[in-house]
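Laboratory data are not the source of any read-out in this text; all were calculated from the coordinates shown. Here the structure is a predicted model, which means the values were calculated and not measured. Every residue, glycine among them, receives a Cβ derived from its backbone with ideal geometry; neighbour counts consider all protein chains shown.
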Amino acid sequence: MCLGIPGQVLELRDEAGLRMATVDFGGVRREVCLDYTPGADVGSYVIVHVGFAITEVDEDEARRTLDVLRAMAGAVETELGEPLP
């Protein structure tokens with residue numbers, strides 16, 4: 001199963017012409033490409049699928065989704081490689 005996981009953009013940078021970011025998924029941090037979400041900025045919440053931010057969401061929706069995903073711990077661990085804290 002492949003999930004889109006919400007996370008908050010912590011920092012932005014350019015890597016070889018790609019907009020990259022460190023994104024926090026409720027305690028788990030990963031490097032994410034933001035090229036598909038040009039409006040995302042530090043503090044924005046994005047849905048990430050296989051390392052790419054595919055859309056922006058508001059903070060409430062991101063938190064609700066993370067709560068549901070915590071209840072589905074095995075699926076999140078498979079997607080992120082570790083459980084959400």
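In the set (i) 70; (ii) 101; (iii) 80, the label that goes with volume of the Cα convex hull per residue in Å³ computed for this structure is (iii). Model label sites at ALA16 and GLU59, defined 7 Å from Cα along the beta-carbon direction, differ in position by 3.5 nm.
Translational diffusion of the range 1-51 was estimated from the Stokes-Einstein equation, with Rh taken as the Kirkwood radius over Cα pairs; at 20 °C and 1.002 mPa s the coefficient is 198 µm²/s.
Using +1 at the Cβ of each Lys and Arg and -1 at the Cβ of each Asp and Glu in the chain, identify which of LEU12, GLY26, LEU80 lies farthest towards the dipole's positive end. About the Cα centre, the residue reaching furthest to the positive side is LEU80.
Normalising the average separation of contacting C-alpha pairs (under 8 angstrom, six or more residues apart) by the number of residues puts the relative contact order of the chain at 28 percent. Annotation note: chymotrypsin sites (Phe, Trp or Tyr not before Pro) in the range 32-72 located in DSSP loop regions with a Cβ neighbour count of at most 16 within 10 Å are TYR36.
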